Amino acid sequence: MNFYCMTLFPEMIDNAFSTSITGRAMNNGYLNLHTVNIRDFANNTHNSVDDYPFGGGAGMLMQAEPIYRCYEHIIEEIGKETRVILTTPVGKVFNQAMAAEFAQEENLIFLCGHYEGIDERVIEKIVTDRVSIGDYVLTGGELPALVMMDSISRLVPCVLSNSVSSTYESHSNGLLEYPQYTRPREWNGMEVPEVLLSGHHKNIAAWQKEESLKRTKKYRPDLYKKWEEEQNKED
Ligand code: ADE
């Protein structure tokens, strides 16, 4: 999987992505990250990439041309049409199903917005997916791009050392994950649930399912309702 990021702050993406599991996957050749600085494609002597919005309003907008040139540079490198994800609060809210869909791509380009926004014309010209990471506003699109790249990366084969661990986790089956425990058996007067020490796989699986359902109902009643509807359809 090759990620390309169009950004004004490449070091922010490079630093975070080269840490921990995604960093290891890059070192092992399972992921590649190419951050490209939009400012390198500025078309004026001041290297500025923003300007005032027509019609007035607060703040500055990123101009179309530097972004378009940056995009063309990347497309030339990839050599074929590629999905371009704009990180924006004005978009579809990211979820696990979208992560799974994006993980099927060989190449993905992220466009990270900054300032107050981007000239709409370049968005219309190059962006295939407008994606938000939630109903709140951030100062820029770098963190959302990192969030998405991280969750997509975990679904790329060989990135996680144990492929089972992305099969049974929260959201992969529409439910939140059950609680887990490690040694010691007793900590601060709190015991590990007896069934987990029993070695009885069927009972353990039943307990985990029950806990998953309880937690989903408590913390995410919206997901629980959806899960129930799915079950009724299958019956
Ligand atoms: N840029 C600013 N806020 C954002 C959000 N919530 N999701 C994606 N991109 C953003």
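Of the residues Val192, Val147, ranked by 1.4 Å probe accessible area with the largest first, the sequence reads Val147, Val192. For the options Gly57, Gly117, Gly23, a Gaussian network treatment of the chain with springs between C-alpha atoms closer than 10 Å singles out Gly57 as fluctuating the most.
Derived scalar couplings between HN and Hα for the stretch 68-80 equal 5, 5, 4, 4, 4, 4, 5, 4, 4, 5, 6, x, 7 Hz in order, rounded to whole Hz, by the Karplus curve 6.51 cos²θ - 1.76 cosθ + 1.60 (θ = phi - 60°), x for Gly and Pro. Would you work out if the stretch 168-234 is rounded, prolate or oblate? Take a ≥ b ≥ c from the square roots of the eigenvalues of the alpha-carbon gyration tensor; rounded if a/c is under 1.5, else prolate when a/b is larger than b/c, oblate otherwise. It comes out prolate by the Cα gyration axes.
Using the Cβ-Cβ distance between Asp51 and Arg24 with R0 = 35 Å, the FRET efficiency computed as 1/(1 + (r/R0)^6) comes to roughly 0.25.
Taking DSSP loops as anything outside H, G, I, E and B, show the longest stretch in the chain free of GluC sites (Glu not before Pro) there with at most 10 other beta carbons within 10 Å. List each step's numbers first, then the result.
On the way: sites that count: Glu81, Glu106.
Here the longest segment lacking exposed loop sites spans 107-235.
Which aspartates and glutamates, if any, have their Cα less than 19 Å from the Cα of Lys209, not counting same-chain residues under 8 positions apart? Within reach: Glu169, Glu177, Glu194, Asp222, Glu228, Glu229, Glu230, Glu234, Asp235. Scan the stretch 132-235 for chymotrypsin sites (Phe, Trp or Tyr not before Pro) in coil per DSSP, keeping those whose Cβ has at most 10 other Cβ atoms within 10 Å, and list them by number. Those that pass, being in a loop and sparsely packed, are Tyr136.
Phi-derived couplings, Karplus 6.51 cos²θ - 1.76 cosθ + 1.60 at θ = phi - 60°, listed residue by residue for the stretch 13-29: 6, 4, 4, 5, 6, 7, 9, 6, 5, 5, x, 4, 5, 5, 4, 8, x Hz, with x used for Gly and Pro. Based on the alpha-carbon gyration tensor of the stretch 52-180 and its eigenvalue square roots a ≥ b ≥ c, which shape applies: rounded if a/c is under 1.5, prolate if not and a/b is larger than b/c, or oblate? Verdict is oblate for the stretch 52-180.
For the stretch 5-94, the carbon plus sulfur part of the accessible surface works out to 50%, probe radius 1.4 Å.
Rounded if a/c is under 1.5, else prolate if a/b beats b/c, else oblate: with a ≥ b ≥ c from the C-alpha gyration tensor eigenvalues square-rooted, which is the stretch 31-115? The shape class here is oblate.
How many percent of Cα pairs in the chain exceed 25 Å?
On the way: 14549 of 27495 pairs.
Beyond 25 Å sits 53 percent of the P(r) for the chain.
Rolling a 1.4 Å probe across the protein heavy atoms gives the chain an accessible surface of 61 Å² per residue.
Helix-only arithmetic for the chain: the sum of -39500 (n - 2.57) across DSSP H runs with n ≥ 4, divided by the residue total, places the mean residue ellipticity at 222 nm at -11500 deg cm²/dmol.
The values are calculated or read from the model by the stated rules, or taken from the named source; none is laboratory data. Note that the structure is a prediction, hence the values are computed from the model and not measured. Virtual Cβ from ideal backbone geometry, glycine too; neighbours counted across all protein chains shown. Surface accessibility is based on the protein's heavy atoms, side chains included, excluding ligands, DNA and RNA. Shrake-Rupley method; radii C 1.70, N 1.55, O 1.52, S 1.80 Å.
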